[in-house]
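These notes concern the structure reproduced below.
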Amino acid sequence: MNQNRRAARSSVRGDETKKTSERQAKASEPTVATSHLAKISVKPRVMTAGRAIVEILKAEGVRALYGIPGGHVLPIYDGLYDTNAISHFLVRHEQAAASMAAAYAQLTGEAAVCLVTAGPGATNLVTNVAEAFVGALPMVILAGRGATATTFRGASQEVDTELIFRPITKWAERIDRADLIPDALHEAFAVARNGKPGPVYLDLPRDILTNEISFGPYVPAGPRAQPRGEPERITAAAELLARARDPLIIAGGGTIASGAAAAVRDLAEQLSAPVITTLAGRGAIDDDHPLSVGGLGAHRNPLSKRLLAEADVILSLGARFEEMETNWRPGFVPSPSARVIQVDIDPAEIGRSVPAQLGIIGDIRAVVDELFVALRARHDLGSKDIRPNAKIRDYGAELNRMVVEIAEQAASDAKPIHPLRVICAVRQALPREATVAIDVGCLAQHMVGSLPAFPVHVPRSLIVPSSFYGMGFAGSALPVARQVYPDRPAVGFIGDGSFQMMLHVLPVAAEYGLGVTWCVLNDGALGSIRDIQEFGMGNRIIDTDFYVQPDFAKIAQACGCYGERITDPTDVKDAIARALTENEKGIPAVLDFIVARARMQQTYEHYAFYGRS
Ligand SMILES: Cc1ncc(C[n+]2csc(CCOP(=O)(O)OP(=O)(O)O)c2C)c(N)n1
Ligand SMILES: [Mg+2]
């Protein structure tokens, strides 16, 4: 194995990656501060724009780049040659550069960078940049472009890429002058991080990257702003919550993004309010907490379904009520008589999907802290006696009944393997803080994404798609888990259809020694779509079954990974143990579980509307 790749395995959160000693000897730049607030390069220095870009990335605290070089962007790669401060991960398809950068943001909250060449290098990113856009994940994309002098005269690999990216980024621009690059990059990081975070795209014509510019001093864009809510609205929200009969909190992805998990738990306890977590919000409250009750829509369970219907005041924190969560239908959305308080950093989200009586625009963490203080003040005044809710005991009992049912299904020795057998065995084999990727498909999404089938214990331990739901997004991003948290096992759940969209990632994980395990839930079909044909369209099955299915274990082995196909339920536990053991040696693993077409109740309820409207 290439020594550089092995070295690059070192954590982005730990010591700086050390490349070969030859490279270290070449590293000549002064040490730079990577704090967001630090200034670098006190005196201007003359350097190529390509090199200045690398200096800026270091100053912005960027630790990880994902990409594939091409002739257009080599001056930037050349700047990377001399630094130990940034790890570049060479993917095999740009699609994975975008998914890995997005997952890096999910796991760390920080913007990672995609570095790709012109034309096809850029367009290959599109699907997973759209994921990051819909999922509000910060990312900066640097792409090559034909030289300014030959623009639109048949330059190699030139189309109007910035226009392609405009609808799926917060900002997409072509920068035509080398001396404008520092300002453009500063703006890119500020835009990506602030407000509702998201991707930013810059096209950089090849000739300007070799132009010399006077660079510095460069002031980094700084951490994102955390705006507070309007005081009158905080007071009004506290009033509603304090008087509520059955308050309920819905914690979405914004809760994780703003680092509000502990604050949400404290607020929930203060209110004795059950907490529903959306898929992106999983981990906002430890699923072992008595107030954690499950998800929404396709991720709900009978308890969370009932509590949503019963709640008279709902506090939505950074949740978007997208289709998979609501179907926008009675029974999936809050009761019409409930008061909905919606908190979001993006004004456009307030009332967008589900009507909100009270909108609060602000950082979730800041607003939750303010609400907590406001409620405490009320309590001190004795205006409402906030005390433990007797119903909480019932939540635990109800969830426990479900756990028993799930365990019974998982214990079945029937073939094909019940998917819950795999899911429960993985959860038992993993420590609480392990990282888990949940890909698209009903088996992974609705089973692993739901409580109590798969409890989640800590924030930023999940890689999940947004409501863009691109097959292969989470699975292709999984290796990043081991880069961010080298000491935590990382497992992905992915359908057989989705896995075939990301096979090119296997050699990347093997090359960098990123020991992760993909559990393929193989039902020989695009099961989620087949379900709609079966249940919603009169069983007219067309083009959703696979008749030639690759041997995923052999593909894994051919890519330098460990691979096993498991058909017998009694082999599940040991196979997982073998894969995790390989992972600890830095060897990724693929476990191809041949599973039954089993569904959760919420899956049938969610799909009941498809094919009919
Ligand atoms: C890129 C992409 N293409 C198509 C779809 C539509 N789609 C959603 S789920 C699904 C089937 C997924 O099959 P699989 O990964 O095998 O999971 P399963 O549903 O069988 O568990 C399809 C085709 C999608 N979400 N993303
Ligand atoms: Mg499938």
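The values are calculated or read from the model by the stated rules, or taken from the named source; none is laboratory data. Predicted, not measured: the structure shown is a model, and the values here were computed from it. All Cβ positions, even for glycine, are placed from backbone atoms using ideal geometry, and neighbour counts span all protein chains on display.
Could you tell me whether any residue of the range 278-295 is under 23 Å from Glu110 (Cβ atoms) and among the charged types (D, E, K, R)?
Yes, some residue in the range 278-295 is under 23 Å from Glu110 (Cβ atoms) and among the charged types (D, E, K, R).
Of everything in the range 62-79 that's within 20 Å of Val484 (Cα to Cα) and at pLDDT 95 or above, which residue is surrounded by the fewest Cβ atoms within 10 Å (Cβ to Cβ)? Outline the logic, then answer.
We begin by selecting, within the range 62-79, every residue within 20 Å of Val484 (Cα to Cα); these are 62-67.
If we keep only those that are at pLDDT 95 or above as well, we get 62, 65-67.
Numbers: Val62: 22, Leu65: 24, Tyr66: 31, Gly67: 28.
The extreme case among them is Val62.
Evaluate the range 224-245: report whether one residue or more is closer than 13 Å to Leu451 by Cα and at pLDDT 95 or above.
no
Search the range 523-557 for residues being small (Gly, Ala, Ser), surrounded by 13 or more Cβ atoms within 10 Å (Cβ to Cβ) and more than 13 Å from ligand 2 (Cβ to nearest atom), and hand back the single one that is farthest from Thr603 (Cα to Cα).
Here the residue is Ala556.
Output the residues belonging to the range 586-602 that are under 26 Å from the mean Cα position of the chain (by Cα) and surrounded by fewer than 18 Cβ atoms within 10 Å (Cβ to Cβ).
Answer for the range 586-602, where residues must be under 26 Å from the mean Cα position of the chain (by Cα) and surrounded by fewer than 18 Cβ atoms within 10 Å (Cβ to Cβ): Gly586, Gln601.
Quick test of your reading of the structure: His289 fulfils all but one of (1) crowded, with 20+ Cβ neighbours inside 10 Å; (2) touching a Lys or Arg at 6+ places or on another chain (Cβ under 7 Å). Name the failing condition by number.
With respect to (1) crowded, with 20+ Cβ neighbours inside 10 Å; (2) touching a Lys or Arg at 6+ places or on another chain (Cβ under 7 Å), His289 is out only on (1).
Considering each of Gly475, Gly515, Gly527, Gly492 in turn, give the residue that is more than 16 Å from ligand 1 (Cβ to nearest atom) and either more than 16 Å from the chain's Cα centre (by Cα) or outside the structural domain of Pro274 (by TED's automatic domain parsing) (or both).
So the residue among Gly475, Gly515, Gly527, Gly492 that is more than 16 Å from ligand 1 (Cβ to nearest atom) and either more than 16 Å from the chain's Cα centre (by Cα) or outside the structural domain of Pro274 (by TED's automatic domain parsing) (or both) is Gly515.
Return the residues of the range 95-133 that are more than 21 Å from Ile76 (Cβ to Cβ) and touching a Lys or Arg at 6+ places or on another chain (Cβ under 9 Å); say none if nothing qualifies.
Within the range 95-133, Gln106, Leu107, Thr108, Gly109, Phe133 meet the criteria.
Search the range 122-134 for residues that are at negative phi and pair each with any residue that is surrounded by fewer than 19 Cβ atoms within 10 Å (Cβ to Cβ) and part of a helix (DSSP H, G or I) when their beta-carbon atoms are under 9 Å apart and the residues are at least 6 apart or on different chains.
Matching pairs, first to second residue: Ala122/Ile164; Thr123/Ile164; Val126/Ile164; Ala130/Pro167; Phe133/Pro167.
Give me the residue from the range 461-487 that is surrounded by fewer than 24 Cβ atoms within 10 Å (Cβ to Cβ) and among the small types (Gly, Ala, Ser) and, out of that set, farthest from ligand 2 (Cβ to nearest atom).
Only one residue tops the list, namely Ser461.
Taking Thr570 and the conditions (1) crowded, with 16+ Cβ neighbours inside 10 Å; (2) out of contact with any Cys (no Cβ under 6 Å at 6 or more places or on another chain), which numbered condition does it fall short on, given that it satisfies the others?
Among (1) crowded, with 16+ Cβ neighbours inside 10 Å; (2) out of contact with any Cys (no Cβ under 6 Å at 6 or more places or on another chain), the lone unmet condition for Thr570 is (1).
Which residues, taken from the range 250-297, are farther than 21 Å from Ile345 by Cα, in contact with a helix residue (DSSP H, G or I) (Cβ under 9 Å, 6 or more places away or on another chain) and either among the hydroxyl-bearing types (Ser, Thr, Tyr) or not in a loop (DSSP other than H, G, I, E, B) (or both)?
Scanning the range 250-297 gives Gln270, Leu271, Ser272, Ser292, Val293, Gly294, Gly297.
Report, by residue number, each residue of the range 441-463 that is assigned to a loop (DSSP other than H, G, I, E, B) and within 16 Å of ligand 1 (Cβ to nearest atom).
Correct list: Gly441, Gly449, Ser450, Ala453, Phe454.
With respect to Tyr547, determine if the residue is at pLDDT 95 or above, within 15 Å of ligand 1 (Cβ to nearest atom) and aromatic (Phe, Trp, Tyr).
Numbers: at pLDDT 95 or above: yes; within 15 Å of ligand 1 (Cβ to nearest atom): yes; aromatic (Phe, Trp, Tyr): yes.
When the stated conditions are applied, Tyr547 passes them.
Would you check if Gly497 is out of contact with any helix residue (DSSP H, G or I) (no Cβ under 6 Å at 6 or more places or on another chain), more than 9 Å from ligand 2 (Cβ to nearest atom) and not acidic (Asp, Glu)?
no
With Ala429, Ala437 as the choices, which residue is in contact with a strand residue (DSSP E or B) (Cβ under 9 Å, 6 or more places away or on another chain), at pLDDT 95 or above and more than 16 Å from ligand 1 (Cβ to nearest atom)?
Ala429 is the lone residue from the list that is in contact with a strand residue (DSSP E or B) (Cβ under 9 Å, 6 or more places away or on another chain), at pLDDT 95 or above and more than 16 Å from ligand 1 (Cβ to nearest atom).
Condition first: within 13 Å of ligand 2 (Cβ to nearest atom) and surrounded by fewer than 24 Cβ atoms within 10 Å (Cβ to Cβ). Now tell me which residues in the range 416-439 satisfy that.
Pro416
What's the number of the condition Pro455 fails, among (1) on the phi < 0 side of the Ramachandran plot; (2) within 16 Å of ligand 2 (Cβ to nearest atom); (3) under 20 Å from the mean Cα position of the chain (by Cα)?
It is condition (2) that Pro455 fails.
If you take just the strands (runs of 3 or more DSSP E) that sit entirely in the range 475-571, which of them hold at least 3 residues that are in contact (Cβ under 8 Å) with a residue 40 or more places away in the chain?
Output list reads 490-495, 517-522.
When you check Glu162 against the structure, is it of a type in the set (Asp, Glu) and either more than 29 Å from the chain's Cα centre (by Cα) or buried (at least 19 other Cβ atoms within 10 Å of the Cβ) (or both), yes or no? Outline the logic, then answer.
Working: of a type in the set (Asp, Glu): yes; either more than 29 Å from the chain's Cα centre (by Cα) or buried (at least 19 other Cβ atoms within 10 Å of the Cβ) (or both): yes.
Spelling it out, Glu162 is indeed of a type in the set (Asp, Glu) and either more than 29 Å from the chain's Cα centre (by Cα) or buried (at least 19 other Cβ atoms within 10 Å of the Cβ) (or both).
Between Ile141, Ile164, Ile168, which is touching a helix residue (DSSP H, G or I) at 6+ places or on another chain (Cβ under 6 Å) and modelled with pLDDT of 95 or more?
Ile168
Considering every residue within the range 326-333, establish whether at least one is assigned to a strand (DSSP E or B) and modelled with pLDDT of 95 or more. Break it down stepwise before answering.
Here is the first cut: in the range 326-333, the residues assigned to a strand (DSSP E or B) are 330, 333.
Checking which are modelled with pLDDT of 95 or more leaves us with 333.
Yes, some residue in the range 326-333 is assigned to a strand (DSSP E or B) and modelled with pLDDT of 95 or more.
Pick from Ala575, Ala509, Ala553, Ala558: which is among the aliphatic types (A, V, I, L, M), farther than 25 Å from Thr435 by Cβ and more than 13 Å from ligand 1 (Cβ to nearest atom)?
Result: Ala558 is the single residue among Ala575, Ala509, Ala553, Ala558 that is among the aliphatic types (A, V, I, L, M), farther than 25 Å from Thr435 by Cβ and more than 13 Å from ligand 1 (Cβ to nearest atom).
The rows are residues; the columns are (1) buried (at least 20 other Cβ atoms within 10 Å of the Cβ); (2) not in a helix (DSSP H, G or I).
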{"site": "Ser337", "(1), (2)": "no, yes"}
{"site": "Ile341", "(1), (2)": "yes, yes"}
{"site": "Ala348", "(1), (2)": "no, no"}
{"site": "Ser353", "(1), (2)": "no, yes"}
{"site": "Glu370", "(1), (2)": "yes, no"}
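May I ask you to verify whether Asp487 is farther than 21 Å from Gly252 by Cα, within 16 Å of ligand 1 (Cβ to nearest atom) and not assigned by TED's automatic domain parsing to the domain that holds Leu107?
Judged against the criteria, Asp487 is not a match.
Looking at (1) β-branched (Val, Ile, Thr); (2) more than 24 Å from Arg421 (Cβ to Cβ); (3) surrounded by fewer than 24 Cβ atoms within 10 Å (Cβ to Cβ), can you tell me which one Val505 breaks?
Going through (1) β-branched (Val, Ile, Thr); (2) more than 24 Å from Arg421 (Cβ to Cβ); (3) surrounded by fewer than 24 Cβ atoms within 10 Å (Cβ to Cβ) one by one, Val505 breaks only (3).
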